[in-house]
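Novice: Mind having a look at this structure? Questions to follow.
The values are calculated or read from the model by the stated rules, or taken from the named source; none is laboratory data. What you see is a predicted model; the values in this text were computed from it and never measured. Here the Cβ is made from the backbone with ideal geometry for all residues, glycine too, and neighbour counts use every protein chain on show. Surface accessibility is based on the protein's heavy atoms, side chains included, excluding ligands, DNA and RNA. Shrake-Rupley method; radii C 1.70, N 1.55, O 1.52, S 1.80 Å.
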Amino acid sequence: MYKTVIGLEIHVELNTKSKMFSPGQIDKNAPFNTCVSNVDIALPGVLPTVNKVVRRGIKLAHALECEIPEYLYFDRKNYFYPDLPKGYQITQSHSPIGTNGHLDIYVNGETKSILIHDIHLEEDTANLEHKESVTLIDYNRAGIPLIEIVTEPCFSSYEEVSAFLETLRLTLIYLGISEADASKGEMRCDVNISLMKETDTELG
């Protein structure tokens, strides 16, 4: 017999008025490509400056009982993709804002502690809209601050995943750092699933 092993990567848009590293305004109802600054598309000579979004990251790190580093660092992650206008993403690959946390969930009459590998800050990409023969790019979303929550592979059922996501969503709303509305793309989740034999002691 086999058992399911699941880990999650959740991206959450933070509810700031300006973007992560630029003064570009955030307006979900604005016409395409009207909320874009020189920093968002990396015009020559521009320099990013992080805004107060860091406070929201630290707030969540405390709520998830993470270890918080003394110094804050950002990394430049280079890759090519059509919705990445700069050709790189500013993120925290090597020095997350929080590590080794947990969030308790209640499922099937029991409490389970879900382990958090890390949470880190990064900027969102632009938004692609696919038509029949063309793809349009809206840069309004480029640079919107995100926090990524990475769990350990400690889920064994979809009920646990569902309970965790709902508990996390309510936590984000209670902290006032995100509306976490999945229908608006403010909370998005990648699910990593593998199988292992019930008698195995190592992940497959």
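Novice: Only one residue in 199, 171, 135 is out of contact with any strand residue (DSSP E or B) (no Cβ under 6 Å at 6 or more places or on another chain) and at pLDDT below 95. Which one?
Specialist: Details: 171 fails: at pLDDT below 95; 135 fails: out of contact with any strand residue (DSSP E or B) (no Cβ under 6 Å at 6 or more places or on another chain).
Within the list 199, 171, 135, the selection yields 199.
Novice: Might you check whether a residue that is open to solvent by 50 Å² or more (accessible area, probe 1.4 Å) and farther than 30 Å from residue 203 by Cα occurs anywhere in the range 143-159?
Specialist: Going residue by residue through the range 143-159, those that are open to solvent by 50 Å² or more (accessible area, probe 1.4 Å) are 152-153, 156, 158-159.
Add one more test, that the residue is farther than 30 Å from residue 203 by Cα, and what stays is none.
No, because not a single residue in the range 143-159 is open to solvent by 50 Å² or more (accessible area, probe 1.4 Å) and farther than 30 Å from residue 203 by Cα.
Novice: Sticking with this one: Somewhere in the range 106-117, is a residue touching a Ser or Thr at 6+ places or on another chain (Cβ under 9 Å), within 13 Å of residue 148 (Cα to Cα) and among the hydrophobic types (A, V, I, L, M, F, W, C)?
Specialist: Scanning the range 106-117 turns up at least one residue that is touching a Ser or Thr at 6+ places or on another chain (Cβ under 9 Å), within 13 Å of residue 148 (Cα to Cα) and among the hydrophobic types (A, V, I, L, M, F, W, C).
Novice: Give the number of residues within the range 1-49 that are open to solvent by 70 Å² or more (accessible area, probe 1.4 Å), touching a strand residue (DSSP E or B) at 6+ places or on another chain (Cβ under 8 Å) and without any contact (Cβ under 8 Å) to a residue 40 or more places away in the chain. Spell out how you get there, then give the answer.
Specialist: The first filter runs over the range 1-49 and keeps only residues open to solvent by 70 Å² or more (accessible area, probe 1.4 Å), leaving 1-3, 17, 23, 25, 27-29, 31-34, 38, 43-45, 47, 49.
Remaining after also requiring touching a strand residue (DSSP E or B) at 6+ places or on another chain (Cβ under 8 Å): 1-3, 17, 25, 32-33.
Narrowing further to those that are without any contact (Cβ under 8 Å) to a residue 40 or more places away in the chain: 17, 25.
Qualifying residue count, the range 1-49: 2.
Novice: Find the residue count for the range 189-204, including only residues that are open to solvent by 70 Å² or more (accessible area, probe 1.4 Å) and within 11 Å of the chain's Cα centre (by Cα).
Specialist: Number of matching residues: 1.
Novice: Given the criteria in a loop (DSSP other than H, G, I, E, B) and in contact with a helix residue (DSSP H, G or I) (Cβ under 9 Å, 6 or more places away or on another chain), does residue 33 qualify?
Specialist: On the way: in a loop (DSSP other than H, G, I, E, B): yes; in contact with a helix residue (DSSP H, G or I) (Cβ under 9 Å, 6 or more places away or on another chain): yes.
Answer is yes for this residue.
Novice: Taking the range 62-94, which residues are small (Gly, Ala, Ser) and in contact with a His (Cβ under 8 Å, 6 or more places away or on another chain)? So that I can check it myself, show each step before the final result.
Specialist: Filtering the range 62-94 down to residues small (Gly, Ala, Ser) leaves 63, 87, 93.
The answer is 93, and nothing else.
Novice: Considering only residues that are of a type in the set (A, V, I, L, M) and surrounded by 17 or more Cβ atoms within 10 Å (Cβ to Cβ), which ones fall in the range 59-70? First the steps, then the outcome.
Specialist: Let us first name the residues in the range 59-70 that are of a type in the set (A, V, I, L, M), namely 60-61, 63-64, 68.
Scanning the range 59-70 gives 60, 61, 63, 64.
Novice: Here is a follow-up. Of 73, 106, which residue is more than 30 Å from residue 204 (Cβ to Cβ), open to solvent by 20 Å² or more (accessible area, probe 1.4 Å), hydroxyl-bearing (Ser, Thr, Tyr) and modelled with pLDDT of 90 or more?
Specialist: On the way: 106 fails: more than 30 Å from residue 204 (Cβ to Cβ).
Going through 73, 106 in turn, the sole match is 73.
Novice: Need the failing condition index for residue 49 against (1) at pLDDT below 95; (2) within 27 Å of residue 103 (Cβ to Cβ), just the number.
Specialist: (2)
Novice: Within the range 42-53, can one find any residue that is part of a helix (DSSP H, G or I) and over 25 Å from residue 160 (Cβ atoms)?
Specialist: The answer is yes; a qualifying residue exists.
Novice: Since residue 179 meets every condition but one in (1) open to solvent by less than 80 Å² (accessible area, probe 1.4 Å); (2) part of a loop (DSSP other than H, G, I, E, B); (3) touching a residue at least 12 places away in the same chain (Cβ under 8 Å), which condition does it not meet?
Specialist: (1)
Yes/no matrix, rows are residues, columns are (1) closer than 24 Å to residue 59 by Cβ; (2) touching an Asp or Glu at 6+ places or on another chain (Cβ under 9 Å):
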{"residue": "91", "(1), (2)": "yes, yes"}
{"residue": "97", "(1), (2)": "yes, yes"}
{"residue": "130", "(1), (2)": "no, no"}
{"residue": "142", "(1), (2)": "no, yes"}
{"residue": "145", "(1), (2)": "yes, yes"}
{"residue": "148", "(1), (2)": "yes, yes"}
{"residue": "153", "(1), (2)": "no, no"}
{"residue": "159", "(1), (2)": "no, no"}
{"residue": "164", "(1), (2)": "yes, no"}
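Novice: Run residue 52 past the list (1) open to solvent by 40 Å² or more (accessible area, probe 1.4 Å); (2) closer than 22 Å to residue 179 by Cα; (3) under 16 Å from the mean Cα position of the chain (by Cα) and report the number of the one that doesn't hold.
Specialist: Result: residue 52 passes all but (3).
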